[in-house]
Amino acid sequence: MALHIVVAPDSFKGSLPASDVAVAMERGIRLVFPAADVRLVPIADGGEGTVAALVAATGGTLRQTRVSGPLHEPVLAQWGVLGDGRTAVIEMAAASGLTLLPPAQRDPCRTTSFGTGELIRAALDCGLRRIIVGLGGSATNDGGAGMARALGARFSDEAGRELPDGGAALARLERVDIAGLDRRLQETGIIVACDVDNPLCGPRGASATFAPQKGASATAVGALDSALARYAGHVRRATGRDVGGLPGAGAAGGLGAGLLFFTPAKLRPGVDIVLEAVGFAEIVRHADFVVTGEGRTDFQTAFGKAPIGVARLARRFGVPVFCVSGALGEGADDVLEQGIDATMSICERPMPLDECMRTAGPLIESATARLCRIIRASRQGRGCA
C-alpha cells in the first residue's frame, strides 16, 4: 500500500514561497518513496504567503495597490479578494515587511506601518467590509501607529507637533486624536491573522522579542519598549481600550495592538485561519506522516507559528510531523513539546547565509530525502512496508 504523505510548509522568508518549498520537498520525498501519494498543501501563518494561500484555497482573485513602504518608499503591494467576493485579505509584510528593505536600511526606530493602513483603506474603498489582516514579517516596531495614521488618527508631541514615523518617536507622544479615524472601520469585520502570542511590552513583548532581528541594538530595544508602553497608555485613554497585555498584541511590531486599539478587530492564530480554509483536518486525517517547514525554527516558532499549527492539528489524528528548516536556532527544541516529532536543518555543512538562501531549493530537496531515509529505516525496523 502506498504511503500517504502531506507536505505543508510555510515560506522560507526572503528565499522561497511556500509553494516552491513544497515542490522541493516533494522531489526529496520521491527520491526515497517514489510511489508515495504526496499531497502538497502550502500554508502560512499570517506572514508571507497568507494572501496566496487563502486566495488559492477559496478561488479568489489577486490585486495590487501602490502604497508607502517601511521608509515611505513606493511599494506595489499585492493583496486579495476571497472567493466569496466580500472578504479582503492583506499581508502587512507586503507593505511594511522586513524583506522590502536591504539590511543596511533596517531600523525599527524609523520604520512605519503606514502602508498597511493604506492597504486597509484600499479594501474599504472597494466596498469590502470583511478584512483579514495577516501579521508577520514586519520591519516595524511602531505599535500600528503608522497604520492608524493612514486611516485618520493623529499623534502629536507636547508642543502639538505631529510625530514623525517610527517606534522611537512614540517616546515623545502626548496626544492621540481619533476624531478623524475612518468611520467605515466601525462597520467592518476585521480578523487579525496572528503568528505569535506575545504581548505588546515587557520581556516577551514586541521590542524585546522581535526588534533585534529588525536591526535594533540592545540600547534601542529598551528605548522602543518604553516608547510602546507610553504609546499604549495614551491610546488606552483615547480609545477606552486596554489591549496591550493580550496575546498577539505584540505581533508585527505591535500592529496587533494597533488594530485592537483603533478598529473592531479580533485576533486569531493565522495558521488556524489558513488550515481551515484549505480543509487541512480532512487532508491530514489519513496521512502516514506530515513534512512541514519554515526558514528558521527557534524559540519563536513555539509561540504559534505555522509548523506548530500543523503539528497540533495532525496530533489529533496521531499523525507524526517532521519539520525541515532553513536553520535551527536557539530554542528550536521547544517545538518538540508542541507536537513536532523531529527537526532537520537543510544545511549539510557550514555555509554563508546568502549561499544557503540562494540554493534553498536543492538544499530542501536533499534534507527532505535524508529525513525520508531515516523514516524508511524506522518503518523497516518496525516491520512496516
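Overview of values
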read-out	value
Within segment 209-224, considering residues that are assigned to a helix (DSSP H, G or I) and in contact with a Leu (Cβ under 9 Å, 6 or more places away or on another chain), the one farthest from Arg175 (Cα to Cα)	Gln213
Arg27, sole failed condition from (1) part of a helix (DSSP H, G or I); (2) at pLDDT below 90; (3) within 24 Å of Arg358 (Cβ to Cβ)	(2)
Whichever residue in segment 29-58 is free of Cβ contacts under 8 Å to residues at least 60 places away in the same chain and small (Gly, Ala, Ser) and, among such residues, is nearest to Thr140 (Cα to Cα)	Gly49
Condition broken by Gly326, with the remaining ones in (1) surrounded by fewer than 20 Cβ atoms within 10 Å (Cβ to Cβ); (2) not assigned by TED's automatic domain parsing to the domain that holds Asp197 satisfied	(1)
Qualifying positions in segment 78-106 - crowded, with 22+ Cβ neighbours inside 10 Å, part of a strand (DSSP E or B) and not charged (D, E, K, R)	Trp79, Gly80, Ala88, Val89, Ile90, Gly97
Residues within segment 137-188 that are of a type in the set (A, V, I, L, M) and not in a loop (DSSP other than H, G, I, E, B), tallied	10
Test: residue in segment 60-77 that is touching a Gly at 6+ places or on another chain (Cβ under 8 Å), surrounded by fewer than 17 Cβ atoms within 10 Å (Cβ to Cβ) and without any contact (Cβ under 8 Å) to a residue 60 or more places away in the chain	yes
Count of residues meeting criterion [farther than 19 Å from Pro42 by Cβ and among the charged types (D, E, K, R)] in segment 286-300	2
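Yes/no matrix, rows are residues, columns are (1) within 22 Å of Ile308 (Cβ to Cβ); (2) out of contact with any helix residue (DSSP H, G or I) (no Cβ under 8 Å at 6 or more places or on another chain):
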residue	(1), (2)
Ile191	yes, no
Ala223	no, no
Ala238	no, yes
Pro247	yes, yes
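The values are calculated or read from the model by the stated rules, or taken from the named source; none is laboratory data. Fair warning: this is a prediction, and the values are worked out from it, not measured in the lab. Using ideal geometry, Cβ is built from the backbone for each residue, glycine included, and neighbour counts are taken over all protein chains shown.
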